[in-house]
Amino acid sequence: MISAAESLLLVGAGALAGAVGSAGGITSLISYPALLAVGIPPLPANVTNAVALVGSFSGSALGSQPELRGKGRWLARWAVPTVAGSVIGLVLLLSTPDRLFGRIVPFFLTFAAVALLLQPRISRWRDGHPKQTNRLLLPGGLFAVSIYSGYFGAGSGVMVLALLLVTVDQHLARANALKNMLLGVADLAAAIGFAAFGPVHWTAAAPLAVGLFAGSIVGPSVTRRVPGPLLRVLVALAGLGLAIWLWVFPT
């Protein structure tokens, strides 16, 4: 059980995390440490965070309606590799909680952050070459990142955003909205598994989810107003910072 003050802390942290994450940043960079701060051990905190992130999914869907208009069929198609990867990730977490990805993830994050910074150049290069590579890059990338998202998740938004900007849509607000929905589907799949088999701290998950829901409604409107180049740099720097943190303190 957590106290009323700790519940308020989780609501506030969730609101901030939801706003940052749905605007293109790293949700778990705020929400996961908040769970640790109220005394939940790392593995249950990871599982509880994954369940609470469902609140961010629903809030982002409400806040991103202009960018998501007409994208239902596309999202349904690419939700398949996303859910498949997420399920594999949660199985790995529940069966091998031994820092499996601890020394690999920082490299993934660094690669994604650099890809964000170089995205305009990469997109120009891609436009001048055959696009058949998307047939493998997009499903393979979504599947791989979703495995990580189901296992731990922090920074997966940076990875998916970089992937979508390069392969799907160079407009940051639209790519960010699609990212929120795909990761939301992955979070929902993981949450169902964790709710059934994982050590979820429900008294912490509930207030965190409320905050995430409220904050994530606001995030997409921030993305529309902040200049794309500036937001891309800020998200990339956050990704690099998280990569360093995960290298020094691996999961």
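The values are calculated or read from the model by the stated rules, or taken from the named source; none is laboratory data. Bear in mind that the values here come from a model prediction, so they are computed numbers and not experimental data. With ideal geometry, Cβ positions are generated from the backbone for all residues, glycine too; neighbour counts draw on all protein chains shown.
Of note:
- Helices (runs of 4 or more DSSP H) wholly inside the stretch 1-91 containing at least 2 residues that are touching a residue at least 24 places away in the same chain (Cβ under 8 Å), among the hydroxyl-bearing types (Ser, Thr, Tyr) and under 17 Å from residue 160 (Cα atoms): 54-63
- Condition met for residue 10 (over 14 Å from the mean Cα position of the chain (by Cα) and under 25 Å from residue 220 (Cβ atoms)): yes
Let's see how each residue does on (1) within 18 Å of residue 17 (Cα to Cα); (2) surrounded by fewer than 22 Cβ atoms within 10 Å (Cβ to Cβ); (3) small (Gly, Ala, Ser):
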| site | (1), (2), (3) |
| --- | --- |
| 195 | no, yes, yes |
| 219 | yes, no, yes |
| 225 | no, yes, no |
| 235 | yes, no, no |
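- Test: residue in the stretch 197-207 that is of a type in the set (A, V, I, L, M, F, W, C), closer than 17 Å to residue 68 by Cβ, assigned to a helix (DSSP H, G or I) and within 18 Å of the chain's Cα centre (by Cα): no
- Count of residues meeting criterion [β-branched (Val, Ile, Thr), surrounded by 15 or more Cβ atoms within 10 Å (Cβ to Cβ) and either at pLDDT below 70 or assigned to a loop (DSSP other than H, G, I, E, B) (or both)] in the stretch 108-154: 1
To keep it simple, each residue is scored yes or no on (1) within 17 Å of residue 202 (Cβ to Cβ); (2) among the aromatic types (Phe, Trp, Tyr); (3) in contact with a Pro (Cβ under 8 Å, 6 or more places away or on another chain).
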position	(1), (2), (3)
4	yes, no, no
11	yes, no, yes
30	no, no, no
68	no, no, no
73	no, no, no
83	no, no, no
91	no, no, no
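- Only one of the numbered conditions (1) under 18 Å from residue 52 (Cβ atoms); (2) under 14 Å from the mean Cα position of the chain (by Cα) is not met by residue 176, and that is (1).
- Test: residue in the stretch 215-228 that is out of contact with any Lys or Arg (no Cβ under 6 Å at 6 or more places or on another chain) and closer than 25 Å to residue 89 by Cα: yes
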